[in-house]
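Structure record follows, encoded as C-alpha cells.
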Amino acid sequence: MTYSPVRHLARAVFFSGHRKAYIAVFTAYFDASGDKAHRVMTVAGFVSRVQKWTRFEAAWRANLPSTVSMFHMTDFVSSKNGWEGWRGSEHSVRRVKLIETLVSCVKANTNQGFAGSLRMEHYRQVNREYQLEEKLGSAYVFLAMGRLARLRVWADKKKVDYRKILCVFEEGDQGQGDLIRRARLEGANAVPQSKAEIRAFDACDLAAWKARTMIDDAWERELYLTDPEAAERILGSLSQLEKIVRGQEVGMYSAEALRKICEHLKIPKR
C-alpha cells in the first residue's frame, strides 16, 4: 500500500494516554493566513473522511507542477518559489485554470469548510477595553477556537462524535501552544503538525488566503501591482469555494461583534 501521511496521522491520533486509543474516521485541517503584522487575520479549515483526504492528497499532488512540492497561495500569486515560469499576462489563463482545478479538488474531497476573519485593529481596540486576550486568547487562538466550535456544530448535526475528529493545525503559528491546550480542555482532539508532508494544509492555505484578501484592501498591496488583472481573475475563480465555506461557517468579527461576545461571556472590562 502506498504511504499516506493523512492515514498514518489518523492512526496515531490520540493526545492523551488516559483514554482508549482509536483510529480517526474524520480529520479536520486548519491553517492561518496573516499575523500581527497584517491588517486582517484568517483561520480556515476543512473536515473530511480520512479516505477522502487520502484521495485528495493524490489528486492535489498530481495537479501541482514539478517545480513546487507544496502550494502557498502567496507564492503562486507573486510567481515565486517555483512559480517563476508562470509569471506574466501570457500565463493568466493557465493560472486561472489551475486554481479552478485545485478548487474542484477541494470541493470533491471535503465535507465542509470553515473560515473566520478579523481585523487586527478591531481585536486590539476591544482588547484595550476588555480582558479579551486573557480570557479568549490571542487573535489566532480566538479564531481557531471559533472554527472548532463550528466544527462541533457540524459534527452534532451529522451525529459524529466530535471528540473523535482529529483536528490538525499547521505547526508554527504564534500562540499555538495555548490553542492546543484550550482546545483539548474543550474536548477537541487537537494536534499540531508540519505542513511538509500533508497537502490538506494547502487547501486550507488557499481558502484562508482568499478570505483574508477579500476582506483586506488587496489592491493597495504591492503584491498585486505586477499583474492586477491576473490577480482579479484568480480571486474570481476562488469564489467557487463559497459553495463549501459558506453561511454560518464563514465569520467576520467586527469590533461590535467582539464587544457583544465579551458582554455575553461576561468578560471583565479593564
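The values are calculated or read from the model by the stated rules, or taken from the named source; none is laboratory data. Computed from a predicted model, the values in this text were never measured in an experiment. A quick note on method: Cβ atoms are made from the backbone with ideal geometry, for glycine too, and the neighbour counts reach across all protein chains shown.
Applying the selection to region 139-164, what residues are of a type in the set (A, V, I, L, M) and within 25 Å of R212 (Cβ to Cβ)? Passing the criteria: A139, V141, L143, A144, M145, L148, A149, L151, V153. If only residues of region 76-110 that are hydroxyl-bearing (S, T, Y) and in a helix (DSSP H, G or I) are counted, the one that is surrounded by the fewest Cβ atoms within 10 Å (Cβ to Cβ) is S89. Among the residues of region 123-151, the one identified as of a type in the set (S, T, Y) and either more than 15 Å from M41 (Cα to Cα) or modelled with pLDDT under 95 (or both) is Y130. The number of residues in region 44-55 that are among the aromatic types (F, W, Y) and part of a helix (DSSP H, G or I) comes to 1. Does A196 fit the bill of being touching a residue at least 60 places away in the same chain (Cβ under 8 Å), surrounded by fewer than 19 Cβ atoms within 10 Å (Cβ to Cβ) and small (G, A, S)? Criteria met by A196. Looking only at residues of region 111-139 that are assigned to a helix (DSSP H, G or I) and buried (at least 24 other Cβ atoms within 10 Å of the Cβ), we find that the one that is farthest from the chain's Cα centre (by Cα) is L132.
Beta carbons closer than 9 Å, at least 6 apart along the sequence or on distinct chains, pair a first residue in region 207-223 that is closer than 15 Å to D75 by Cα and surrounded by fewer than 17 Cβ atoms within 10 Å (Cβ to Cβ) with a second that is at pLDDT 85 or above and not hydroxyl-bearing (S, T, Y) for L223/V77. Here the condition is being over 20 Å from D205 (Cβ atoms) and without any contact (Cβ under 8 Å) to a residue 40 or more places away in the chain; of E84, E186, E134, it holds for E134 alone. Return yes when V168 is among the β-branched types (V, I, T) and in a strand (DSSP E or B) and no when it is not. Here the answer is yes, as V168 does meet what is asked.
Considering the conditions (1) outside any helix (DSSP H, G or I); (2) surrounded by fewer than 22 Cβ atoms within 10 Å (Cβ to Cβ); (3) within 14 Å of the chain's Cα centre (by Cα), K159 is excluded by exactly one of them, (3).
Among the candidates S89, S69, S78, S104, the residue that is hydroxyl-bearing (S, T, Y) and either modelled with pLDDT of 95 or more or closer than 22 Å to R39 by Cα (or both) is uniquely S78.
Given R221, R181, R212, R199, which one is farther than 28 Å from Q51 by Cβ and at pLDDT 90 or above? That would be R181, the only listed residue that is farther than 28 Å from Q51 by Cβ and at pLDDT 90 or above. Of all residues in region 26-43, at least one satisfies being part of a loop (DSSP other than H, G, I, E, B), surrounded by fewer than 21 Cβ atoms within 10 Å (Cβ to Cβ), at pLDDT below 95 and within 14 Å of the chain's Cα centre (by Cα).
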